[in-house]
1. With labels modelled as points extended 7 Å from the Cα through the Cβ direction, what inter-label distance (nm, one decimal) is found for residue 26 paired with residue 182?
2. Considering the Cα positions of the range 205-349, please state its Rg to one decimal place and its Dmax as a whole number of Å.
3. Taking 8 Å as the Cα distance limit and 6 or more residues as the minimum spacing, I'd like the relative contact order of the range 125-182 as a percentage.
4. Pairwise over distinct Cα atoms, reciprocal of the mean inverse distance: report the Kirkwood radius of the chain in Å, one decimal place.
5. Sorted by average packing, counted as other Cβ atoms within 10 angstrom per residue and highest first, what order do 93-103, 295-305, 123-133 take?
6. Measuring from the lowest to the highest alpha carbon on each principal axis, how far does the range 227-296 reach, largest first, in angstroms?
7. Count the lysine pairs in the chain whose Cα atoms lie under 23 Å apart, taking only pairs 8 or more positions apart in sequence or on different chains.
8. Give me the distance between the Cα centres of the range 173-222 and the range 33-63, rounded to whole Å.
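What follows is calculated from the coordinates using simple rules that are stated; it is not laboratory data. What you are looking at is a predicted structure, and each value in this text was computed from that prediction instead of being measured. Methodologically, a virtual Cβ is constructed for each residue, glycine included, from the backbone with ideal geometry; neighbour enumeration extends over all protein chains shown.
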Amino acid sequence: MSFATVEYEPCNVRLLDQTRLPGELVHSDNRTVEELVESIRLLRVRGAPAIGVAAAYGVTLAASLAARDGEGAAGSIERAIGQLRAARPTAVNLDWALSRMERALHRLTREGAADLHAGLLAEAEAIHREDEKLCKDLGRHGAELLPDEATVMTHCNTGALATGGMGTALAVVYTAVAAGKRVDVVATETRPLLQGARLTAWELVQHEIPVTLICDGAAGWTMRQRRIDAVMLGADRIAANGDTANKIGTYNLAVLAARHGVPFYVVAPYSTLDLSAASGEDIPIELRNPEEVKGWRGQPTAPEGAEAFNPAFDVTPAELITGIVTERGVFSAPFRESFLRHYDAPAGE
Ligand code: MRU
């Protein structure tokens, strides 16, 4: 089955509504920047690269609305960039895509472009196409790490639903399978919003790749009971020293993987690197509504009066990471040196 996670049509950012999966395959139409910000906050679109792509189209949407309403375009587009940037704090891909759109806006304005919408749409499409290509490269490099018959444990959702292409860690699985390897996947359900159960299991079933779902708390025991060749998962922001923010529960898996001698790989494109963050200490962690922990789709699963703590992400220290798979190959510690060999240092360094 093929589906588009994010699409753009004039005056509409169209999303596959991920809050409704796996039960319903329905779209969410976002015809204002405010609607798109809400969709990002509610995780109708989620996954670090995918929210970057959606936000880039959001800037294009702002340009088309300004042209329609005859508003001062540059000012209202800048305002939209600010609103979108504040939608979620941890995934740096959001900020990366918006900064790129902002640079395009400044260039177009400087050049006196007659049609800002067309210029910004071209940039958003370039971000989208680039992400597609990055996913393929990640898949190719990561697949080389897997034996011909492999069991991969993964967390959250890192597939086509999370990116503008085929995925990050799941791209590795898809590429390895396409190359003739036999891969089965152990997917954690990923509490509290169940991206593993609802989205990863759904994607893998569509691809007819064997998937076994486990409760998050079963990961350690599963590593003891079954051969797991690698833990492979994505990232929302990687600091210069390799510390990696990803979906809450990633750190638990890294500790368990170290305890059981399982290689632990992060798979992410350069748009997830934040070389201005020296370490995980500099990564903002999104705290979400505690009600997400205390209930599911409006039904309470905990008594009223119980407190809940709901960080959406955690930071895995670099020392627990075997390798970081990027579009330029697989990096190992010391990560800072590897990154600086391949990527520009942020201004000021
Ligand atoms: O809250 P989410 O669902 O947006 O969190 C997503 C993740 O943590 C993913 O693992 C990460 O963005 C990598 S996606 C390719």
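1. 4.1
2. 17.4, 53
3. Details: 72 pairs, mean separation 27.4, N = 58.
Computed value for the range 125-182: 47 percent relative contact order.
4. Working: mean 1/r = 0.0488 Å⁻¹.
Roughly 20.5 Å, rounded to one decimal.
5. Working: 93-103: 21.6, 295-305: 8.6, 123-133: 18.7.
My ranking of the peptides, most packed first, is 93-103, 123-133, 295-305.
6. 36, 34, 19 Å, listed from the longest principal axis down.
7. Values: 133/181; 136/181; 136/247; 247/294.
Close lysine pairs found across the chain: 4.
8. Result: 26 Å between the Cα centres.
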